[in-house]
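In what follows, a structure is listed as structure tokens, so that the remarks can point back to it.
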Amino acid sequence: MRYIATFIIITFCITRSFSNDSITVYLFLLDECRICQELAPEINAIHQEYSKKNIGFLGLFPNFASKSIGIEKFKKKYTITLPTKTDYYKKVAQKFNAEILPTAVVYNETKQKIEYIGAINDLFYKPGKRKAQATNHYLRDVLNDLTFGRSPVIKSTQAIGCFINFNDNLSNL
């Protein structure tokens, strides 16, 4: 009985330490990217589920081709409800070494640590090549691990999609 009580206390402390961390999911997107468009329902479902678990979300549009009108049309057409903003100077993209759209970055703000970077799921295995349905749900798995106080098993995957155009940085105009 004493061992069970100790286990429960240790488990509570570990879970509590993770739940006190501030986690933000940064999603790098492009309004004209077919992969971003096709993953929009998954993005919405993840945002709806995990924002209730005190996980923050921010959609970032780093390519200068994504103008506010296009971003708003994208959000309306695909019912994107997570907050969004542009990253035309590529400061956030560079901070996380993001190069592909879409890319998900799960960042522990408290520990200043990337918990995961990569694909949302494995629906696409090459640009323009997709499966009938995703079999691995990387972002969901990582968020599940974190909400249950575990360190994520998956740390990174290869994102598939469009490139972030680092040449269109506003400071280069």
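Worth a mention:
- With respect to (1) at pLDDT below 95; (2) surrounded by 14 or more Cβ atoms within 10 Å (Cβ to Cβ), the lone exception for Tyr116 is condition (1).
- Looking only at the range 131-159, residues that are outside any loop (DSSP other than H, G, I, E, B), closer than 20 Å to Ile100 by Cα and not hydrophobic (A, V, I, L, M, F, W, C) come to 3 in all.
- Positions within the range 119-134 being out of contact with any Lys or Arg (no Cβ under 9 Å at 6 or more places or on another chain) and surrounded by 21 or more Cβ atoms within 10 Å (Cβ to Cβ), in sequence order: Ala119
- Subset tally (residues that are surrounded by 16 or more Cβ atoms within 10 Å (Cβ to Cβ), over 16 Å from the mean Cα position of the chain (by Cα) and small (Gly, Ala, Ser)) for the range 65-106: 1
- Among the residues listed as Leu101, Leu82, the single one being under 13 Å from Leu60 (Cβ atoms), modelled with pLDDT of 95 or more and in contact with a Pro (Cβ under 9 Å, 6 or more places away or on another chain): Leu101
- Pairs, first at positive phi in the range 147-170, second surrounded by 14 or more Cβ atoms within 10 Å (Cβ to Cβ) and part of a loop (DSSP other than H, G, I, E, B), C-beta under 9 Å, six or more apart: Gly161/Leu30; Gly161/Cys33; Gly161/Pro102; Gly161/Ala119; Gly161/Pro127
- Subset of the range 23-64 (residues that are under 24 Å from Gln112 (Cα atoms), in contact with a Lys or Arg (Cβ under 9 Å, 6 or more places away or on another chain) and part of a loop (DSSP other than H, G, I, E, B)): Pro62
The values are calculated or read from the model by the stated rules, or taken from the named source; none is laboratory data. Predicted model, so just to flag it, every value in this text is computed and none were measured. No Cβ is skipped: glycine too gets one built from the backbone with ideal geometry, and neighbour counts run over all protein chains shown.
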